[in-house]
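Novice: Below you'll find the structure I mean.
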Amino acid sequence: MPEKTYRDAIREAMMEEMDRDPTVLIMGEDIGIYEGTFRITAGMLKKYGSKRVIDTPIAEAGMVGTAVGMAMLGLRPIVEMMTINFAIVAADQILNHAAKVRYFSGGQVDVPLVIRGPQGAGVQLSAQHSQSFESFYAHFPGLKVLAPGTPADAKGLLKTAIRGKDPVIFLESAALYGLKGEVPDGEEALVPLGQSRVVREGKDVTIVAYSRMMQMSLAVADKLAAEKGIEAEVIDLRTLRPLDMEPVYQSVRKTHRAVVVQEQWKLFGAAAEIAAAISETVFDELDAPVARVTGEDVPMPYARNLELLAVPHEEQVLHAIRKVMYRGED
Amino acid sequence: MAEIIMPKMGDAMTEGKVIRWYKKAGDSVKKGEPVLEIETDKVNLDLEAEEDGVLEEITVAEGTMAPVGGHLANIGPGGSAAASKKPAAAKAAEKKEVADPGKEDDRKKTPETEPVEARSAGEKPSEPAAPESKEKPSAGEEATSDQSVPDEGGERRRSSPLARRMARELGLRIDSVQGSGPSGRIVASDVKRMQSAAPAPAAPQSASGSSQPAPAGRKPEARFVAAAPLEDQKVPLTAMRRTIAKRLSESTGPIPHFYLTADYDVTTLLALRDQLGEIAGSKLSVNDFIVRAAALALRHHPYVNASFTEEAIQLHGQVHIGIAVSTPDGLLTPVVRNADQKSVAEIAADVRSLAEKARNRKLKPDEYQGSTMTISNLGAWGIEEFTAIINPPNVAILAIGAAAPRTVVIDRQVVIRDRMKVTMSCDHRVVDGALGAEYLKTLRQYIEQPLRLVL
């Protein structure tokens, strides 16, 4: 299987779907002539022309509103946000329109819309451009929220999202664009939404994560196995809404302890939801309170050293694992 | 400067135990932050710092008792210690900057510095000042949030859901397990340890599992399977157990006795005794069966096969049954050693020779010392029911009455069955009423289904 970057996998997903279905189009700021701030859309304007690769003004509410209308009338628009942070300008269009049109129309009208773009820290974009929005969007019924952590999932989930009938928030990790991995071609690449996946098997402790924190957790798990003989099971949620908890429950039934890792802030974050669901469902299996590893409760600093301190790192995951396993600082 | 002292948590409290120090001498503490955990006779609880500062000397070590009002530690101003941490954190940050000139994957190269410490030394700008907040200040300190609440009539022990479930499934008392987790939380590994220390399933069950046709003819011992060895174990006294021991002793003398009487149906046992006696070719007494039954039942209830000391409850790893034997000079209690591992016939032989020696005053010390429970049987004198005094350091004695035909109601019919009353005297410092009752219930299974005794 060919190795590709996360960035190229996203472009490939869009181009394969645009080749396959003439109703698919993409719009966003600087995606055409400039070929995208993160070069996700490189070469697309040349190939598909300005009717299907649309450079928009700096007007997110207008972009999303336009796209909602397109979707209601049968097109399949993709809106690229330069960063997902900018989508909050369009929050009313997303939450009160895209997410509710089917409900308000009694199921007569779907909104097959994908809003995608990078989020999260790690590339020194400072406080306004480094936030994580998964729990914000996942709170609302009517939306689907995806957060792939590998190139293959980035491609497969995006292709499925473009083909679906629902408005989808597709959260890319800015810090993973350069990550390489095997990526299947064509139909084989499709990944169903709402399926968590065990990415590393283990018996001693369950680590639940997604996106970049899943990659970091995997590195911790490998290190733990090599250095301490502790086998951590790592679960990649991949989709935050719908949230597939069954693999997590199964894993906790085996390991009796869980650590949830998220880049976003602790209060009301995805890890809180996951920890609560574990407690509700497999309470009697727990030998320790579910531990959370989260970003620090501050706006993201610009300074490189402070940014590194503000997002979760490996030592914190190790510390949480020691805690739920009742192992001292060994 | 503030002093941390042992608080008085109830009228009966005179002292408390320091379970653990969350902080070391020299650590800085914030007002409201838990500094140590103490155990009283009712409850475990955290003591919090009453002001910001640095924990100076600690005068009472972990695991040590201190009187109410006793000095435990000081919290002083100690500006120097707190200030000295800041440069370290700043240095760590600088080190990172040099090491990682901004690549995408440099996360992995985070320096050795313990991140938690680095952060706690820094400011927490977004934390609102909430001096009276009950919220623990440090993130992720869930361990202390499940504050123990005294239950009516006992202490509540912290335990993980898994540990409770395992204890439930294994039939263990969770409060008999010593917790090794934070704040003494009982966790799965503690229950596992308890399980491996507790008696293996009694021999009759395991033997009956491998059932083969009974060999027709002579030797009932042929099928006899000796029980697996047990282990000695010392269980430190909890504050609650210490209080029970003290208070009940004060009220009724050195050993606070209480008595439980059970009425057993021995019709089957008497018939079996006659048959086995014929097969073995020697006379077996009802008491020989009771000795084995009592010994096997003890394996299910290690706290009955125990001794009380001021520091700990000693659970005995072997089951030695003392038999009260009257002699012209008085009472002696020769001991059938490892009675749980001997067949009824072996026990009968032991008892016969021991009783003989006792009457002739030929018993050696190791033949009358070291019992872990005692049986007194006045059935031969026609006594229907009586209470016996515990033979220290045992924590229980069985007083066996005469087996005799009596009218009983079974299935709403009056029938005549052989019945026997057994009164158990218990040392309340170790054995509580429910435990004694459980023991008598187990004993009932052996006595009323006596095939369990010979398998």
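Novice: Report, as an integer, the average count of C-beta atoms from other chains found within 10 Å of each Cβ along A:280-293. Each step should come with its number before you reach the end.
Specialist: Details: counts 0, 0, 2, 4, 7, 5, 6, 15, 11, 9, 1, 2, 3, 1.
Partner-chain Cβ atoms within 10 Å, mean over residues of A:280-293: 5.
Novice: Using only alpha carbon pairs under 8 Å that are at least six residues apart, calculate the relative contact order of the range B:217-454 and give it in whole percent.
Specialist: Working: 477 pairs, mean separation 68.1, N = 238.
In percent, rounded to a whole number, it is 29.
Novice: Here's a follow-up. Pop the C-beta distance of A:Lys254 and B:Thr309 into the FRET formula with R0 = 35 Å and round what comes out to the nearest 0.05. Write out the running numbers ahead of the final one.
Specialist: Values: r = 42 Å, r/R0 = 1.20.
Step by step, r from the Cβ atoms, then E = 0.25.
Novice: By its C-alpha gyration tensor, with a ≥ b ≥ c as the square roots of the eigenvalues, how is the range B:155-198 shaped: rounded for a/c under 1.5, else prolate for a/b larger than b/c, else oblate? Could the numbers behind the result be given before it?
Specialist: Values: a/c = 1.58, a/b = 1.39, b/c = 1.14.
Note, shape of the range B:155-198 comes out prolate.
Novice: Once fully extended, how much extra length lies between A:Asp222 and A:Asp21, figured as 0.36 nm per residue of separation less the alpha-carbon to alpha-carbon distance?
Specialist: Details: separation 201, 0.36 × 201 = 72.36 nm, distance 4.15 nm.
Computed gain between A:Asp222 and A:Asp21 is 68.2 nm.
Novice: Whose amide H sits under 5 Å from the amide H of B:Leu36, counting only residues 5 or more places off or on another chain, with H placed in the peptide plane?
Specialist: Distant-sequence amide H within range of B:Leu36: B:Tyr22, B:Leu47.
Novice: Let me ask you something else. Within the range A:1-106, which chymotrypsin sites (Phe, Trp or Tyr not before Pro) sit in a loop by DSSP and count at most 15 neighbouring Cβ atoms inside 10 Å? Provide the component values of the computation, followed by the final result.
Specialist: Working: sites: A:Tyr6, A:Tyr34, A:Phe38, A:Tyr48, A:Phe86, A:Tyr103, A:Phe104; in loops: A:Tyr34, A:Phe38.
Of the chymotrypsin sites (Phe, Trp or Tyr not before Pro), the ones in loops of the range A:1-106 whose Cβ has at most 15 other Cβ atoms within 10 Å are A:Tyr34.
Novice: If you don't mind, there's one more thing I want to ask. Once you average over the residues of B:177-185, how many Cβ atoms of partner chains fall within 10 Å of each Cβ?
Specialist: 1
Novice: Now for a different question. Using a 7 Å offset from the Cα along the Cα-to-Cβ direction at both A:Arg39 and B:Asp263, what is the distance between the two label points in nm, to one decimal?
Specialist: Using points 7 Å along Cα→Cβ, the separation is 9.4 nm.
Novice: Also, I was wondering about something else. Taking amide hydrogens as modeled 1.01 Å from N in the peptide plane, which residues meet the under 5 Å criterion relative to B:Ile313, leaving out close sequence neighbours?
Specialist: B:Val235, B:Leu237
Novice: OK, next. Which trypsin sites (Lys or Arg not before Pro) in the range A:55-120 pass both tests, a DSSP loop state and at most 11 other beta-carbon atoms within 10 Å? Present the calculation step by step, with values, prior to reporting the outcome.
Specialist: Working: sites: A:Lys100, A:Arg102, A:Arg116; in loops: A:Lys100.
Loop-located and lightly packed - none at all.
Novice: When the Karplus curve 6.51 cos²θ - 1.76 cosθ + 1.60 is applied with θ = phi - 60°, which whole-Hz ³J(HN,Hα) does each residue of the range A:296-310 get, with x for Gly and Pro?
Specialist: 6, 7, 9, x, 5, x, 7, 4, 4, 5, 6, 4, 4, 6, 8
Novice: Binning every alpha carbon pair distance of the range A:3-189 at 5 Å from zero, what are the percents per bin?
Specialist: 1, 9, 18, 22, 23, 16, 8, 2, 0
Novice: Any chance you could tell me what percent of the C-alpha pair distances in chain A go past 34 Å? Walk me through the numbers before you get to the answer.
Specialist: On the way: 12304 of 54285 pairs.
Of all Cα-Cα pairs in chain A, 23 percent lie more than 34 Å apart.
Novice: Next question, about the same structure. Just order B:34-40, B:230-236 by mean Cβ neighbour count inside 10 Å, highest at the front, would you?
Specialist: Values: B:34-40: 21.9, B:230-236: 14.4.
Order by mean packing, descending: B:34-40, B:230-236.
Novice: Enumerate the amide H contacts of B:Ile375 below 5 Å, restricted to partners 5 or more residues apart or on another chain; note that Pro and chain-start residues carry no placed amide H.
Specialist: B:Gly322, B:Ile323, B:Ala324, B:Leu398
Novice: So, with +1 on the Cβ of K and R and -1 on the Cβ of D and E, and no other charges, what is the size of the charge dipole of chain A about its Cα centre, to the nearest 20 debye?
Specialist: Values: 36 positive and 45 negative charges, 102 e Å.
Its charge dipole is roughly 480 debye.
Novice: Which number do you get for Rg(Cα) / (2.2 N^0.38 Å) in the range A:198-240? Could the numbers behind the result be given before it?
Specialist: Values: Rg = 9.7 Å, N = 43, 2.2 N^0.38 = 9.2 Å.
In units of the 2.2 N^0.38 Å rule of thumb, it is 1.06.
Novice: Which residues does a label at B:Gln413 reach in the range B:250-285, if reach means a backbone N under 17 Å from a point 7 Å past the Cα toward the Cβ?
Specialist: B:267-268
Novice: Considering every residue in A:302-310, what mean count of other chain Cβ atoms within 10 Å of its Cβ is obtained? Don't jump to the answer; show the numbers that get you there.
Specialist: Values: counts 0, 2, 7, 10, 4, 1, 11, 10, 1.
Across the residues of A:302-310, the mean count of other-chain Cβ atoms within 10 Å is 5.
Novice: Another one. 222 nm [θ] for chain A, helices only, -39500 (n - 2.57) per DSSP H run of 4+, per residue, to 500? Each step should come with its number before you reach the end.
Specialist: Working: 12 runs with 118 residues, N = 330.
That comes out to -10500 deg cm²/dmol.
Computed from the coordinates by the stated procedures, all read-outs in this text should not be read as laboratory data. As the structure is a prediction and not an experimental result, all values here were calculated from the model. Quick reminder, even Gly has a Cβ in these numbers, built from the backbone with ideal geometry, and neighbours come from all protein chains shown.
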